[in-house]
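Here the structure is laid out as structure tokens; the discussion comes afterwards.
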Amino acid sequence: MDFIRYEAKGSVGIIYLNRPKALNALNSQVLQELDLAMDSIDLEIIRVLIITGEGDKAFAAGADIGEMSTLPRKRAAEFSKKGNDVFLKIENYPIPVIAAVNGYALGGGCELSMCCDIRICSENAVFGQPETGLGITPGFGGTQRLERIVGAGRAKEMVLAATNIKADEAYRIGLVNHVYPQAELMDAALKLAGKIASNAPIAVRHAKKSMNEGYSLPIDEAVEVEEELFGDCFQTHDQKEGMGAFLEKRKEKNFINQ
Ligand code: DAK
């Protein structure tokens, strides 16, 4: 692949957006390769995925403005579908996805981070949805996910005024969970991923699915989703192992993803 690099470290996969000269801007090839990379990850082995940007300047500075600017209507619709499909794939990916935002996360870059389950960032990160200044609306879910993460008032200010925010403000409003010096970001991402990966994989997947699916349902239906997935855990080896370890006062747990 030209614009995506993939690396596995034990049970943690890392996808690098690898187009640093263009600040990892998302053109159709990047989106296509991101899609392929997600499809080729072995989920029997990999328990958590990290997405980050190559270089020390940008996570992704948005959809590729050069490519977008000349798109005829049909190709624009295809581009839009490609982006939305891959972003939904990330959001609904069976295992947790952490965005390690290492610089600019603007437009489609901010939207990409918001498809991920957890965002952490470096001190030089900048988040924003500058689209209204370019004559368009956010198009990869920015008008929807930002509001859900930080609330309507703050999301509307960022989108309507096209205001970029720095890492400390992103932390203050809950857009990111933690801010680190840039040199420490990947270690922190790997540490968090490792902590998640040490838990029972099926329980982790089911908990993500339950939170995602329940979010848009009325609470009485949402808890039914939870009940089903909770029940499913009791058919697993790892539920017996996890509870057995507690009862036997064992620290070591042998979770086998079954
Ligand atoms: N697209 C293409 N190239 C980009 C880019 C982008 N978004 N951002 C940066 N680059 C390129 C620059 O053109 C430059 O390339 P060369 O000139 O060297 O060839 C290189 O990256 C370095 O950028 P700068 O020279 O500008 O670097 P600076 O440090 O001076 O500035 C910056 C960094 C991030 C402040 C600046 O590059 C910037 O403002 N970039 C654009 C940020 C932006 O507006 N992003 C939002 C893009 S719009 C939709 C779906 C999605 C979307 C829309 C619709 N539908 C489904 C309908 C999404 C839209 C967007 O994301």
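For GLN144 and GLU228 in the same chain, what is the full-extension length gain: residue separation times 0.36 nm, less their Cα-Cα distance, in nm?
Working it through step by step, the gained length comes to 27.5 nm.
What pairs from LYS82/LYS253; LYS57/LYS253; LYS209/LYS251; LYS156/LYS195 go past 29 Å between their alpha carbons?
Result: LYS82/LYS253; LYS57/LYS253; LYS156/LYS195 exceed 29 Å.
Is the stretch 46-167 rounded, prolate or oblate when judged by the Cα gyration tensor, a ≥ b ≥ c being the square roots of its eigenvalues, rounded requiring a/c under 1.5 and prolate requiring a/b larger than b/c?
It is rounded, given that a/c, with a ≥ b ≥ c, falls under 1.5.
Need one word for the stretch 108-258: rounded, prolate or oblate. Basis is the Cα gyration tensor (sqrt eigenvalues a ≥ b ≥ c); a/c below 1.5 gives rounded, then a/b vs b/c decides. The partial results should precede the final answer.
Working: a/c = 3.30, a/b = 1.70, b/c = 1.95.
Oblate is the answer for the stretch 108-258, as a/c is 1.5 or above yet b/c matches or exceeds a/b.
Can you give me the C-alpha center-to-center distance between the stretch 163-231 and the stretch 243-258, rounded to a whole angstrom?
Using only Cα atoms to place each centre, the spacing works out to 23 Å.
Can you bin the stretch 163-241 into rounded, prolate or oblate? Criterion: square roots of the alpha carbon gyration tensor eigenvalues sorted a ≥ b ≥ c, rounded for a/c under 1.5, prolate for a/b above b/c, oblate for the rest.
It comes out oblate by the Cα gyration axes.
When all alpha-carbon pairs of the stretch 40-90 are counted, what percent fall beyond 17 Å?
That fraction is 56 percent.
Taking springs between alpha-carbon atoms closer than 10 angstrom, which of LYS166, LYS209, LYS240 fluctuates most in the Gaussian network model of the chain?
Highest fluctuation among the options: LYS240.
Each reported figure results from applying straightforward, stated rules to the coordinates on display, with no laboratory input. These numbers come from a predicted model, not from an experiment.
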